[in-house]
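Take a look at the structure below.
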């Protein structure tokens, strides 16, 4: 199968990136832009407190059962004292932010600038926009005590398996990864179990990184149990770069 044409034209910056090595000055400028995004994210999210990141599709809108489930888990997390971080867009992200905000919790969005103009949802207390996906993913992991993944597409799969890779390689530890929407995720988990474990690509113990449930209460309880003794829970953050406490 050939590659389909892009849905939208590539921007000039994207075509430059695909051309390979540039001049040393161009490469330095790009590194500077990436570093600036990291610093912006660090400053914006430094004081959000204990947080849980919710992953999920932007395409499931209000009225979809997964939207309702995301809204319920967002509320449950907020009631348990967690800030809720999402990608900041519509769909599952909006639902989780909405649930958190309506429950009186802290709602945070880490949006990504896309050619399709993904706009931030209206239920955000704090919002940061990124240009680079990898910078955004660092923020979604760095400031979270745990992760909840609801049904989604390529982006959600990428986030789930990158998080699982970080857990497997001990780059992070003590971070629960909850998959909600059992009917949706069970075939993927079966594939991991049947193919990856059976062929020896991963260990059977690696399946324990995934906790499947359709109960918001169970999801929150699992997260609280796993992170109860996490060292970050007692870490006091100081304002050293002019950050504004939330």
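The values are calculated or read from the model by the stated rules, or taken from the named source; none is laboratory data. Computed from a predicted model, the values in this text were never measured in an experiment. Ideal geometry is used to build each Cβ from the backbone, glycine not excepted, and the neighbour counts take in all protein chains shown.
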Taking the stretch 175-201 as the search range and keeping residues that are assigned to a loop (DSSP other than H, G, I, E, B) and either in contact with a strand residue (DSSP E or B) (Cβ under 8 Å, 6 or more places away or on another chain) or over 28 Å from residue 51 (Cβ atoms) (or both), which one is modelled with the lowest pLDDT? 175
Condition first: modelled with pLDDT of 90 or more and within 15 Å of residue 44 (Cβ to Cβ). Can you find one or more residues in the stretch 113-123 that meet it? no
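So how many residues does the stretch 202-221 have that are assigned to a helix (DSSP H, G or I) and surrounded by 15 or more Cβ atoms within 10 Å (Cβ to Cβ)?
6
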Taking the conditions exactly as written (modelled with pLDDT of 95 or more, in a helix (DSSP H, G or I), within 20 Å of residue 175 (Cα to Cα) and within 16 Å of the chain's Cα centre (by Cα)), does residue 70 satisfy them or not? yes
Looking at this structure, is residue 236 at pLDDT below 95, under 26 Å from residue 89 (Cα atoms) and surrounded by fewer than 19 Cβ atoms within 10 Å (Cβ to Cβ)? no
Could you tell me which numbered condition residue 137 fails, if it satisfies all but one of (1) under 14 Å from the mean Cα position of the chain (by Cα); (2) more than 23 Å from residue 44 (Cα to Cα)? (2)
Taking the condition of being in contact (Cβ under 8 Å) with a residue 40 or more places away in the chain and either on the phi > 0 side of the Ramachandran plot or not in a helix (DSSP H, G or I) (or both), how many residues in the stretch 28-66 meet it? 15
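Of all the strands (runs of 3 or more DSSP E) wholly in the stretch 76-170, which have at least 1 residues that are surrounded by fewer than 20 Cβ atoms within 10 Å (Cβ to Cβ) and in contact with a helix residue (DSSP H, G or I) (Cβ under 9 Å, 6 or more places away or on another chain)? Steps first, please.
On the way: elements: 83-86, 107-112, 126-130, 146-149.
Hits in the stretch 76-170: 107-112, 126-130.
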Against the condition at positive phi and at pLDDT below 95, how does residue 81 come out, does it pass? yes
